[in-house]
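Encoded as structure tokens, the structure appears first; notes follow it.
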Amino acid sequence: MAEKHSPLEQFLIKPLIPIKIGDVDLSFTNSALFMVVAVVLVGLLMTAGMGRRGLVPGRLQSIAEMAYEFVANLIRETVGSEGRKYFPLIFTLFMFILFGNMLGMIPSFFTFTSHIAVTFAMAAVVFVSVTILGFAKHGIHFFSFFVPPGVPIAMWPLLIPIELISYFSRPISLSVRLFANMLAGHTLLKVLAGFVPALGVAGIVPLAFVTALTGLEILIAFLQAYVFAILTCLYINDALHLH
Amino acid sequence: MSDKEKPSDLARLEARLKEAESRRPPAEAPGSERGKGLSFALRIGTELVAGIAVGVGIGWLLDRWLGTKPWLMIAFFVLGAAAGMMNVYRAVAGLGHQVGYKPKDRARGSGDGKKAD
């Protein structure tokens, strides 16, 4: 098979408009393009959906309201009413990831959530802002976060490093989960799709698999956005309510 | 007679409506329950790996800084594995990601003299 049909070729970052400032490559890439597309689509959906506020919602308004209520419920369930302040952050993250994942499901479109640079940047924003929130809310008491309650002092030297590692593993697990799922799913689809022409008539078997997996991938695309949002909520909840 | 029948008609209609309502799947379809389970499973998988990765990373950096190859990396690998397992345990036991081993409602204020608030 030719190299350009490699299953990993779809993740290649191609500069569309080369921009170079000093030694820093700031090119506008296909990844950046699809991020812009996702932002524009979310913006259009929300403004168009809310533009004509009918008592009986139209189609777009229904979708916009559903998205709003889904995230609002998520926050209410995990953080409670104090979490309402953080709605903009969580809603933005959720919609951005959801649209990034869903755009990636369209053949020949680029999936920007399949790059750890993108997912880690988002996870780092969550991690840093949650840490700042914890400090702003509790000041120096925030460090009690790392000391499990009811543990004898003799155990502290062992447990505090474990708690610290556990805390610092948050952005890693948050970003790796999203990126690895998207990367693995899209690679698998491409590999299986590569079998279809190679097997001739028997290619109908991998074709059936690809069809089924596409459905699964759409579910995963949604669930990953959901998991990212719910974990952000849980982290905010932890920072707000220290033990 | 017909006057008396009317409320009974209404009552019967009410009963039928109630019955129809109860037959409808409860607001959240079981599908969403399955989605929640699957999303939970997706969450757990990486927790363990992330703990180990961060532990090894910290150990490696400290080793490079202090020139104690490879001992700190080994020590932090073990600590990281412990942290990963604890992450998984906490998530599965429904304790959230909060530090500590008590359910949330009991955890507050009973921190053995180490009250946060």
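Please treat every number below as a calculation from the coordinates, not as lab data. Everything quoted here is computed from the prediction, not taken from an experiment. Here the Cβ positions follow ideal geometry from the backbone for every residue, glycine too, while neighbour counts run over all protein chains shown.
Under the rule that an exposed site lies in a DSSP loop and has at most 12 other Cβ atoms within 10 Å, name the longest stretch of chain A with no trypsin sites (Lys or Arg not before Pro) of that kind, not counting the sites themselves. Present the calculation step by step, with values, prior to reporting the outcome.
On the way: sites that count: A:Arg52, A:Arg53.
Longest site-free region, per DSSP loop and neighbour criteria: A:54-243.
Using θ = phi - 60° and the Karplus form 6.51 cos²θ - 1.76 cosθ + 1.60, what ³J(HN,Hα) does each residue of region A:148-155 get, whole Hz, x for Gly and Pro?
Result, ordered by residue: x, x, x, 10, x, 4, 4, 8 Hz.
Enumerate the calculated ³J(HN,Hα) couplings along region A:219-225 in order (Karplus 6.51 cos²θ - 1.76 cosθ + 1.60, θ = phi - 60°), each rounded to whole Hz, writing x wherever the residue is Gly or Pro.
Karplus values, whole Hz, x for Gly and Pro: 4, 4, 4, 5, 4, 5, 5.
Can I get the semi-axes of the protein assembly as shown's equivalent ellipsoid? Compute them from the C-alpha gyration tensor as square roots of 5 times the eigenvalues, in angstrom, largest first.
Values: eigenvalues 303, 237, 92 Å².
Values for the protein assembly as shown, descending: 39, 34, 21 Å.
Quick one: A:Asp238, B:Asp63, fewest Cβ neighbours within 10 Å first, how do they rank? Write out the running numbers ahead of the final one.
On the way: A:Asp238 22, B:Asp63 18.
Final ranking by Cβ density, sparse to dense: B:Asp63, A:Asp238.
Got a sec to turn the phi values of region A:5-21 into Karplus ³J(HN,Hα) couplings, 6.51 cos²θ - 1.76 cosθ + 1.60 with θ = phi - 60°, whole Hz, x for Gly and Pro?
My calculation for region A:5-21 gives 9, 4, x, 8, 5, 5, 8, 5, 8, 10, x, 8, 10, x, 10, 10, 10 Hz in order.
Considering amide H positions built from the backbone, and no H for Pro or chain starts, which residues 5 or more places from A:Phe28, or on another chain, come under 5 Å of its amide H?
Counting only residues 5 or more places away or on other chains, the set is A:Leu16, A:Ile17, A:Ile19.
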